[in-house]
Amino acid sequence: MQLSKNDSLALKGIAILMMYVHHFYLSPDRWAGYAVDFFPLTADMTVYIAEFFKTCVCIFVFITGYGMIQSLKKNHPDLNVSPQDTLSYTRHRLISLLSNFIFVYLLVIIVSFPTGRFFEIYGRSGSSVLYVLVDMFGLAKLFKTPTYVGTWWYMSLAIVLIVLFPLFVKLYRQYRWIFVFAVMLLPRFLNLKVANTNLLHYTFAMVLGMYCAQSDLFTRWKTWEDTRLKKIPRPVLFLFHLLILVLLVITVLMSMAIEFLKKKLHFYSFINKLERNNPS
């Protein structure tokens, strides 16, 4: 059992919905001036959820790593692929990504040009042409230059990961789990950065996707599920799932109760007073 194209599209759809929630409700200023009913949640709980939904980026990155390995495995099942073939595939992937993005970039610029935003973002100086080119190739986040749309920062991440892909394949083939754990721990513990950005913090999701694809993890899980879970009586499985649901509901209710008590006890007002009395 592998993630099919439809499976990947479904995951991307979920990630897009998470992204919408993340951007719409990340902070109160995002919905300022609108009447928003958060029932059965509170505004604070919605913000917490929106912050957590930043993980949508990890889902996109995971799918990228998974898909790229699956593509290589079509002709090289054991990943015994030459550096030239890996570079050729990487170049093809990069050209495909940039060609699609440049089309979208030009379309957005043309449609919004009458608004004057173009000169507002890039200015009218000698550097403006450079800013446009850097942004058009998705590298504004990497070079910290003006970008027309804030969410285009992801292009810099995608480009960095695709460029690093041949190196990832080589290191993964040689070191396997050692490499996976190194990528998981080192970027955050050592605060490794690319051009003073945190783009490397997402490399673990990329490598994890590569590992799942190469090791057929989902196939092995399905096999385990078919052989082991079938031995468990249905009433036991039902009770197990019911227990998870009950715990989830209890957790949500407790969170709501805590938020309710905070408001009744004027907790946030107390914290604000402390911050005003003790400026940092």
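What separates the Cα centres of region 1-72 and region 115-162 is a distance of 24 Å.
Kindly rank 46-52, 166-172 from highest to lowest mean number of other beta carbons found within 10 Å of each residue.
166-172, 46-52
The alpha-carbon atoms of region 5-224 define a convex hull whose volume equals 177 cubic angstrom per residue.
Taking the highest mean first, how do the peptides 63-76, 143-156, 7-20 order by number of other beta carbon atoms within 10 angstrom per residue? Mind dumping the intermediate values first?
Working: 63-76: 18.4, 143-156: 16.5, 7-20: 14.5.
Ranking the peptides 63-76, 143-156, 7-20 by packing returns 63-76, 143-156, 7-20.
Under Stokes-Einstein, with the Kirkwood radius over Cα pairs standing in for Rh, what whole-number D in µm²/s applies to region 25-109 at 20 °C and 1.002 mPa s? The Stokes-Einstein estimate is 127 µm²/s.
What relative contact order, as a whole-number percentage, does region 5-224 give when Cα pairs under 8 Å and 6 or more residues apart are counted?
Numbers: 183 pairs, mean separation 56.2, N = 220.
Relative contact order here is 26 percent.
About its Cα centre, how strong a charge dipole does region 78-211 have in debye, to the nearest 20, once Lys and Arg get +1 and Asp and Glu get -1 at the Cβ? Can you show the working numbers first?
Working: 11 positive and 4 negative charges, 49 e Å.
For region 78-211, the charge dipole is close to 240 debye.
For each pair in Lys12/Lys73; Lys12/Lys263; Lys54/Lys141; Lys54/Lys144; Lys54/Lys74, compute the distance between the two Cα atoms and list the pairs where it is over 26 Å.
Values: Lys12/Lys73 22 Å; Lys12/Lys263 37 Å; Lys54/Lys141 17 Å; Lys54/Lys144 21 Å; Lys54/Lys74 32 Å.
Going by Cα-Cα distance, Lys12/Lys263; Lys54/Lys74 fall outside the 26 Å limit.
Values in this text are rule-based calculations from the coordinates and carry no lab data. In this text, all values refer to a predicted model and were calculated from it rather than measured experimentally. Positions of Cβ are generated from backbone atoms using ideal geometry, with glycine treated the same way; all protein chains shown enter the neighbour counts.
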